[in-house]
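Student: Once you've had a glance at the structure underneath, I'll fire off some questions.
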Amino acid sequence: MNYSWNWGVLLQPTGIGDSTYLNWIMTGIGWLAVIAIVAWSIAMLLGSLLGIMRTLPSPTARAIGTTYVTIFRNIPLLIQLFIWFYVVPDFLPDSIHNWWINDLGANTTALISASIGLGLFTAARVCEQVRTGIEAIPPGQVNAGYAMGFSTAQLYRYVILPQSFRMILPPLSSELTNCVKNTSVASLVGVAEIISQMKTISEYTQNTIEIYTYVTLIFILINVCLIGLMNFLEKRFQVPGLIAGAK
Amino acid sequence: MSEAKVMIDLQHVSKWYKDFQVLTDCTTQIRQGEVVVVCGPSGSGKSTLIKTVNGLEPIQQGNILVDGIKINDPKTNLNKLRSRVGMVFQHFELFPHLSITENLSIAQIKVLGRSEAEAKQKGLAYLDRVGLSAQANKYPAQLSGGQQQRVAIARALSMDPIAMLFDEPTSALDPEMITEVLDVMVGLAKEGMTMMCVTHEMGFARQVANRVIFMDQGKIVEDCTKDDFFNTPRGERAQQFLNKILH
Amino acid sequence: MEWFTAFFQDLQLSAPALWHGFSITLKVLCFATVGGVLIGTLLALMRLSSIRVLNWIAKGYVNLFRSIPLLLVLMWFYFAVPFIYTGVTGNYLTMDTALVSSIVAFMLFEAAYFSEIVRAGIQSIPKGQTDAASALGMNYSQSMRLIVLPQAFRKMTPLLLQQTIILFQDSTMVYAIGLLDFFRTNYVRGDLMSLLTQYILFAGLVYFTVSMIATYIVKKLQQRLTV
C-alpha cells in the first residue's frame, strides 16, 4: 500500500489565509451546531404542539397532526432538504425570490433551507414521542384533574405534560442525537458543515484515513456529550420515589 | 332532616355506551348533610353513576342538578361546578410529579384563584386533619396506599366542597390500611358533610350512612334508610348481595 | 400547463433510466436487509452471550455505528472498500465501487439497528423455553436455532419490516457517493433537462407512496400476528 501517513494533518496550514485545517474543522462544527440548534428548536416547539393536537378531542386538530406526520415521515430527509433548497425558492413571491438569490450567500441560503427542512422533519418525530407520552398517562389522572375543576388547558399544563415529558426524556434525547447526526445531510445542499469540510480537506491533502478518523472521533465525542446531557436532565427532573433508586 | 336543601338531584338518568345501556332511569336525591352509600355487584353501574354527578361521564337522558345547577346544560360552567364538589378515586390519583403540599394547593391556586400562602395554609391544615403533617414535603410515590388516599381526601377537602363523592375509596388498599381511611370518612360524616359513597364497606355504612342505594344492572333497585336496608331488604337481589357481602 | 406537460413528455423518455435507478435502490435494499439481519442476529447473540469479550465487541460495534451519521459511514466505505481491495489483492476494483461500497456500508450500518431489535426479541422469549430445550438434551446451538429464534423472529417481523422501510428512505443517501439510485437518477435527469423542480417533487411522491403502502401492509401484518 503506498499511502503516506500524516496524522498531524489538522495542524497543517491550508495555504489560504492563516488558517490551519483545524480551523476549517472548527468552522464545520460551528455550522453543525447552528443547524442542530435551529432545527431542534423548531422541532420541539412544532412537534410538541402537533403531539398535543393529536390527543385533543377536536377531530380537526387531530387530522392536522396526523396529516403532518404522514407527510413528513414518509418522504426521505434528503428529498425534503432538496425540496426546501431547490423547489421552494422558485415558488416564493418575486421580491423575496430576488433577495434570496442575489443578496444571500450560497452558504446562507443552504443553511436556512437545511435548518427549516431538518426542523420540520424532526418535528414529525418529536410529535409522535409527545403523543405517546400523553397517551401513556392513566385516564385516572385525567379524571382527577377534571374532578378538581381544571379546564382542559390547565389539565395539560399542570397534570399531563409535566408527567409525559419526564417519561419521554430518553426517547427524546435519542431524537436529539438523530437530529445532530442528520445535520450531515446538509452538506449535500452545500452547507459548509463538518462533512463538507472533511471532503474538502481530504481532497486537498489526500490524507483521507486520518481526516475521516478525526471526524469520526468528533462525532463519537458529540454523542458522549449528548448522553451526558440527557443523564443530567433525567436526574434534575426526577420525581423522588418514582424511579428505582431515586430516593 | 327532610327540610334540608337538596344537594344532588338525579332525575331519570339514563346512559348508553354505544348500544349498551349502562344506566336506566336512575332517580334519587341527596340532601345536605346526608351520607348515602351506593352498593351493588360489579357491573351494576355504581361507579358510572357517581361519575355522572360531576360530569366526568356524560348522560344521554335525564337531568342532574348539583346545588340547583344543571350538570348537563351546555351553558353551565362545568369546571367551576367541579371545583365545588370533591371527588376521591379508587386509585387515589395524586399527581405523582408534585409534592404533597403542591398536590394540596395546585387546584386551590389555579382554579379557585387563592394566593399561594392561603392555599398552602389550608392544604396543610387539612393534611394535619388527616394525620399526615409529617409527609408535607414528600412525593406520592414515597407514601403508602392508605397515606396517599388520606392525602387525596385532604386535597378534595382543601377546595371547601359542598359535597364529597367517593368512588370505591378503599377497594385498592391492603386490608390493614382500610381502617385509617374509613376513620377519616367517618369523621367527615359526623361533621355533617354531604357524602355519596360507592363502597363495599358495609361496616362503614352501618356506622354513619343515612341511606343505602342498591344498584343492579344499571338500575336503582333499593333506595331506603340504612335500618330498612340491613334489616328488611325488599328485593331478592339485595338480599342475595347482603348475604354474600356480610359473610 | 407548460410546467406539467414538459415534465410528462420528458418522463416518457427518462422512464428506462428511472426504472434502472429504482432497481439499484431495490438491490441495495435487499442486500442490506438480508445481510443486516444476519449480521444483526450474530451481534445480538454475541451481546447476550456469557463470554465477556464477545459482549464488549458487540456493544462497541453497536454504539459506534449508532453514534456516527450514515453519510459518514457511506463515505468511509466508498474510500475503504477499493483501498482495502487493492491493498489485499493488488488489483484495482473493477466492479461498480459505489454500488459495492454502498451495500457493504448499509449492511454493516443497519446491522447495528437490527441487532437491537433481534436482541429485544430474543430476550422476550421466556426462560422456561430454553430450560425445556435443555431438559430435552439440546445444546445451545440447537435450542437457539430450533426453539428460540423461530419464536423470536415471529414476534420481531413487524419491527424488522419497519426498519426496512426506514432503510428504504435512508437509501437516498447514496446520492453522496454518486450511485445512480432512483433519487439520484431523478436529480441528474431533472438537472440536465432544467426540470429539476418537477423531478424532485416526482421522486418525493414516489418515495412517499411506496412508504405509505409498505407501512399499511406492515400494520395489517401486525394486526394479524397479534391475534
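What follows draws every value from the coordinates through simple rules; no lab data is involved. What you see is a predicted model, and the numbers here were worked out from it, not measured in a lab. As a convention, Cβ positions derive from the backbone with ideal geometry for all residues, glycine included, and neighbour counts pool all protein chains shown.
Student: Counting trypsin sites (Lys or Arg not before Pro) as exposed when in a DSSP loop with at most 13 other beta carbons within 10 Å, what is the longest stretch of chain B free of them?
Tutor: B:76-233
Student: Place +1 on the Cβ of every Lys and Arg and -1 on the Cβ of every Asp and Glu in segment A:29-166, take the dipole about the Cα centre, and give the residue among A:66, A:51, A:145 whose Cα lies farthest towards its positive end.
Tutor: Most positive-ward Cα: A:145.
Student: Moving on to the next point. If the only charges are +1 at each Lys and Arg Cβ and -1 at each Asp and Glu Cβ, what is the size of the charge dipole of segment B:100-247 around the Cα centre, to the nearest 20 debye?
Tutor: Result for segment B:100-247 is approximately 220 debye, rounded to the nearest 20.
Student: Same structure again: So if I take the centroid of the Cα atoms in segment C:202-220 and the same for segment B:62-140, what is the distance between those two points in Å?
Tutor: 49 Å
Student: Where does the protein assembly as shown land at 222 nm, in deg cm²/dmol rounded to the nearest 500, when only DSSP H runs of n ≥ 4 count, each adding -39500 (n - 2.57), divided by all residues?
Tutor: -20000 deg cm²/dmol
Student: In whole Hz, what ³J(HN,Hα) sequence does segment A:30-37 give by Karplus (6.51, -1.76, 1.60; θ = phi - 60°), x for Gly and Pro?
Tutor: Once rounded to whole Hz, the list reads x, 5, 4, 5, 4, 4, 4, 5.
Student: Taking DSSP loops as anything outside H, G, I, E and B, show the longest stretch in chain B free of GluC sites (Glu not before Pro) there with at most 13 other beta carbons within 10 Å.
Tutor: B:4-190
Student: Sticking with this structure for a sec: Could you derive backbone 3J(HN,Hα) for segment B:14-22 from the dihedral phi with the Karplus parameters 6.51, -1.76 and 1.60 (θ = phi - 60°), listing whole Hz in sequence and x where the residue is Gly or Pro?
Tutor: 10, 9, 10, 9, 6, 9, 8, 8, 9
Student: Amide H neighbours of residue B:166 under 5 Å, at least 5 residues apart or on other chains, H built in the peptide plane: list them.
Tutor: B:88, B:196, B:197, B:198
Student: Give a residue-ordered list of calculated ³J(HN,Hα) values for segment A:207-217 (Karplus: 6.51 cos²θ - 1.76 cosθ + 1.60, θ = phi - 60°; whole Hz; x for Gly, Pro).
Tutor: 8, 4, 4, 4, 5, 4, 5, 4, 5, 4, 4
Student: Taking a cut-off of 50 Å, what percent of all Cα-Cα pairs in the protein assembly as shown are separated by more than that?
Tutor: Pairs farther apart than 50 Å: 35 percent.
Student: Mean projection of the alpha-carbon convex hull of chain A over all orientations, in nm²?
Tutor: 19.1 nm²
Student: If r is the Cβ-Cβ distance from residue C:151 to residue B:206 and R0 is 51 Å, what FRET efficiency results, to the nearest 0.05?
Tutor: That gives a FRET efficiency of 0.40.
Student: Partner chain Cβ atoms within 10 Å, averaged over the residues of A:205-216 - can you pull that number for me?
Tutor: Mean partner shielding for this stretch: 2.
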